[in-house]
Structures are given as structure tokens and as C-alpha cells.
Amino acid sequence: MAEPFVHETAVVDDEVQLDQDVRIWHFTHVSRGARIGGRSVLGQNVFVGRGVQIGSGVKIQNNVSVYAGVTIEDDVFLGPSSVFTNVLTPRAHVERKDEFAPTKVGRGVTVGANATIVCGHELGEYALIGDIESPSTLASVWRVVPEEQIPMLDVAAQNEPLMQRLIDKAAEVIRSGRYILGPEVEAFEREVAKYIGVEHAIGVSSGTDALLVALMALGIGAGDEVITTPFSFFATAGCIARVGAKPVFVDIRPDTYNLDVEQVEASVTERTKAILPVHLFGQACDMRALREIAAKHQLPLIEDAAQAIGTRSPAGPVGGLGAYGCFSFFPSKNLGGFGDGGLVTTNDADLADKARVIRAHGSKPKYYHAVVGGNFRLDALQAALLRVKLPALEGWTSVRRQNADRYDAAFGLPCDASRVTFTISTSFAPRGEMRFKPI
């Protein structure tokens, strides 16, 4: 961190606190008792009144006036010639100091050029302030409060058109008295196996437990190694560690963020017992190449397809290209449940049977336990509600692809989104050159 920089033409009064990396440029005046937070920049001819508190990372453009009584939180941008008054009638020709009122500018606020902010307002976090018609017009002020903010993901929105059917199905299950496994789970397993394009689907308690079941069914444990990616949700490596094995990380490709297949074989040792690729953001790994490597070294493939239900790769449908595929029905997923849920898929009948045994404490028949499993069963209520949503999944995915096409067109980046279910990511680039890139 650098010491504050104050241009030789600027004036900083006594009792002003300047944190590290502050920059103050030509003819700017910071009055007594003010505080400027770290990494903030004050442009030319800026006036900061007495006692004004300015947070970190604030950028103030030229010719801005911030009068006493204003508090500015972190990461705020003030456009050129914007003014913060400290009386309610700033254009009056008489003394109005008795009308003084404080103003608070929330974190991340953007104030456009030539705006006048009359005192006594609170600008909510990330509010955008712009003028109405012309530079001389008083700015409109929007107060943003948390309950009015647009959520990053509204998981309830897609359920609304299906609400009555979901309610009816939930009531049906409640009346049935069959809450663990049972006919709803069996029906869902058949339907989702057909959608994915696999022979067998085994409903389990979460996407994490799907990975655990697959590893346990393949007998992976202490002293073993599993090759995987470092760029994934914690559960991928966490489940490997949980069975006592060691995750061996292979780097990712800069264009897809998926496992770099060209580096996989160099990590195979005598202790390697499986390869666990992640189909990140709905885009499939290079499964043809991975299957060749796995066959050469007689290693099973476990597909982490938590984000990739419905994805098709040149090698075939994701979830059916290895020993096991593992899916998640966490509410934020493309096919999201109403709590935790997951799925194990396979085209091998024996492996399917092993997964079913392990999800029920290793019991087959009931109360006879040949192996140690776990309580990894999918609830009937989750399965029933997912059955209501499954027929709509292809339509939702189509809309995601259309949205991706709009981004591609806007950025001038051609993309074939026909095979993937999430379709936009950011690309590695030198500082200052970050951009959206199609998958």
C-alpha cells in the first residue's frame, strides 16, 4: 500500500485523515475533520466540506462539491460536477443553516454527471442517480432497500406456473403415507433416466451423497488416489477425502474451466483408482479423450454432472459416459427440488445394484447388511415434486440458450449453445482485457 498522494496545488486542512493509496489532484480542497478512505481518488477542483466521511475505493470526478454532513460509504462513484447540498433550499437568498440535514450515500452508489443531491436523503446500496432531462435539472433520487433488490437467483419464479400441480402432488404424497423411496421415487427414476439417456438412475439424498455413493460402490478408500479438478464446488474433492482417498488435482483449461485432459495421464500412478471430471457450468468435459485414458489404465470414470443435467457431448449424454454419473437437485440447479436431492446414473446393472444397496445402509434384503452403506435415500416428496417439474426442463433449458444467444450477439461472439445447459462464462485475460466468452 502506498502513502497518500496530494498534488502540490491541492489544499488539505489540519485534522484530516487520509488513508493509504488516497490520491488528491489539482486544486482540490479537503476541509478540517474530513476522512478519506483507502484507495479513494479525488479529481480536480473537488471540494470536501468539514467532517465529511468518505469510505474506501471511492472515485470522485472533477468539479464535485460534497458539503458538511455527508457520509459516503465504500465503492461509490460521483460523476463530474455533481453537488451534495447541506440545506434543503440551496438556491434561497437567505440564511438556511437551520435546515441542515445529513445525507448518507450507501455502498456502491453511482451518481451521474451534474446531479444535485439535496440533503436529508439516504441513497441505498448500489442505487443509480441520474438527471431527469438536462444537466440543470435536479437529479431523481432512488432509494434501494434490500427487499427491493433484484435477487441473483429467484428459485421460486419457475415454480409459479406449476404451483397448483405442485401443491396437489405434495398433498397426494402426504395422504399416501409413503415418504421414503417408494413408487414416486421409482417413477421419477424411470422418467429422469429416459430424459438423461441412461439405463439406470438411483435417487439419493443430495448431489454430494451421489458422489459419495459412487466412490463407495467402486471400493475407493484409504491410500487410493482420485484424479480430479481443483475448480469445482468443495464436495467434489471433499467426498474423495471423506472416503479416505487423496484428491489429485490436474489443472483446468483457460477456455472452458474444465479439466485439461492433456495433463491427466501424467498424474496417473499405481495408487490411482478413478478419474472424476466435473462438467462445469453445464459444458461437458472432453469425454472421448478421458475414456481412452481410463480404458488404457483400467480406471473407472465418475462424472460430476451436478450442473449438467440434459447436456449432450460428442461422446454421448453426460451421466452415461463413465461408471457413474452424479447429479444434484439443489434448488438453484436447472432442475431444482424443494430441499436437497441427488441422482446416481449408470449403464451397468451390477453397478446400479451396488448403488441401491449402499444408499440404504448396505441393506439387501431389508435388515441384512453385507456392506456398510449410508442413509442416502431420496424422499418421496422430493421425487414427486421433481416429476412435476421434469417435463418443463427442456423448455427452461431452451430459454437459457436463447438468453445466451442474446449475449453472444451483443458481444459479437458466435457460440453453439445447442449441447450445453449453462452457456456463458468469463474468460481468463490480462488485467483490463476481461471479457465474456462463449462456452
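The values are calculated or read from the model by the stated rules, or taken from the named source; none is laboratory data. Predicted model only: the values in this text are computed from it and were never measured. All Cβ positions, even for glycine, are placed from backbone atoms using ideal geometry, and neighbour counts span all protein chains on display.
Within the range 207-227, count every residue that is in a loop (DSSP other than H, G, I, E, B) and surrounded by fewer than 22 Cβ atoms within 10 Å (Cβ to Cβ). Spell out the reasoning first.
Just the residues of the range 207-227 that are in a loop (DSSP other than H, G, I, E, B), to begin with: 218-224.
If we keep only those that are surrounded by fewer than 22 Cβ atoms within 10 Å (Cβ to Cβ) too, we end up with 218-219, 221-224.
Adding up the residues that qualify gives 6.
Does the range 342-380 hold any residues that are among the basic types (Lys, Arg), assigned to a helix (DSSP H, G or I) and within 31 Å of the chain's Cα centre (by Cα), and which are they?
Just the residues of the range 342-380 that are among the basic types (Lys, Arg), to begin with: 354, 356, 359, 364, 366, 377.
Next, only the ones that are assigned to a helix (DSSP H, G or I) stay: 354, 356, 359.
Arg359 - this is the single residue of the range 342-380 that is among the basic types (Lys, Arg), assigned to a helix (DSSP H, G or I) and within 31 Å of the chain's Cα centre (by Cα).
Out of all the residues in the range 238-268, which are of a type outside the set (Val, Ile, Thr) and either farther than 22 Å from Asp286 by Cα or part of a strand (DSSP E or B) (or both)? It would help to see each step written out before you state the result.
If we filter the range 238-268 for residues that are of a type outside the set (Val, Ile, Thr), which is where we start, we get 238-239, 241-242, 244-247, 249, 251, 253-255, 257-260, 262-263, 265-267.
Within the range 238-268, Gly238, Cys239, Ala241, Arg242, Gly244, Ala245, Lys246, Pro247, Phe249, Leu259 qualify.
Quick check on the range 38-45. Is at least one of its residues crowded, with 18+ Cβ neighbours inside 10 Å and under 16 Å from Val105 (Cβ atoms)?
Yes, the range 38-45 contains a residue that is crowded, with 18+ Cβ neighbours inside 10 Å and under 16 Å from Val105 (Cβ atoms).
How many residues are within 16 Å of Thr9 (Cβ to Cβ) and in a loop (DSSP other than H, G, I, E, B) if we restrict to the range 23-42?
The total comes to 4.
Among the residues of the range 258-299, what is the count of those that are crowded, with 20+ Cβ neighbours inside 10 Å and more than 25 Å from Ala222 (Cα to Cα)?
Total satisfying the criteria: 9.
Among the residues of the range 339-356, how many are surrounded by fewer than 20 Cβ atoms within 10 Å (Cβ to Cβ) and either modelled with pLDDT under 95 or touching a Ser or Thr at 6+ places or on another chain (Cβ under 8 Å) (or both)?
Residues meeting the conditions: 2.
Does Arg35 meet the test of being out of contact with any strand residue (DSSP E or B) (no Cβ under 7 Å at 6 or more places or on another chain) and either of a type in the set (Lys, Arg) or surrounded by fewer than 20 Cβ atoms within 10 Å (Cβ to Cβ) (or both)?
Working: out of contact with any strand residue (DSSP E or B) (no Cβ under 7 Å at 6 or more places or on another chain): no; either of a type in the set (Lys, Arg) or surrounded by fewer than 20 Cβ atoms within 10 Å (Cβ to Cβ) (or both): yes.
Against the criterion (out of contact with any strand residue (DSSP E or B) (no Cβ under 7 Å at 6 or more places or on another chain) and either of a type in the set (Lys, Arg) or surrounded by fewer than 20 Cβ atoms within 10 Å (Cβ to Cβ) (or both)), Arg35 does not qualify.
Among the residues of the range 196-206, is any part of a helix (DSSP H, G or I) and within 30 Å of Glu270 (Cα to Cα)? Steps first, answer last, please.
So in the range 196-206, the residues part of a helix (DSSP H, G or I) come out as 196.
Filter once more, so that each one left must be within 30 Å of Glu270 (Cα to Cα): none.
Looking for residues that are part of a helix (DSSP H, G or I) and within 30 Å of Glu270 (Cα to Cα), one finds none in the range 196-206, hence no.
Just to be sure, is Ile302 crowded, with 20+ Cβ neighbours inside 10 Å, under 18 Å from Glu191 (Cα atoms) and touching a strand residue (DSSP E or B) at 6+ places or on another chain (Cβ under 9 Å)?
Numbers: crowded, with 20+ Cβ neighbours inside 10 Å: yes; under 18 Å from Glu191 (Cα atoms): no; touching a strand residue (DSSP E or B) at 6+ places or on another chain (Cβ under 9 Å): yes.
Answer is no for this residue.
Quick check, is Ala284 on the phi < 0 side of the Ramachandran plot and within 27 Å of the chain's Cα centre (by Cα)? Don't jump to the end; show me each part of the working.
Details: on the phi < 0 side of the Ramachandran plot: yes; within 27 Å of the chain's Cα centre (by Cα): yes.
Taking the combined requirement at face value, the residue satisfies it.
Can you pull out every residue in the range 103-121 that is modelled with pLDDT under 90 and in contact with a strand residue (DSSP E or B) (Cβ under 7 Å, 6 or more places away or on another chain)? Don't jump to the end; show me each part of the working.
Start the filter on the range 103-121 by keeping residues that are modelled with pLDDT under 90, which leaves 112-121.
The answer is Gly112, Ala115, Thr116, Ile117, Cys119, Gly120, His121.
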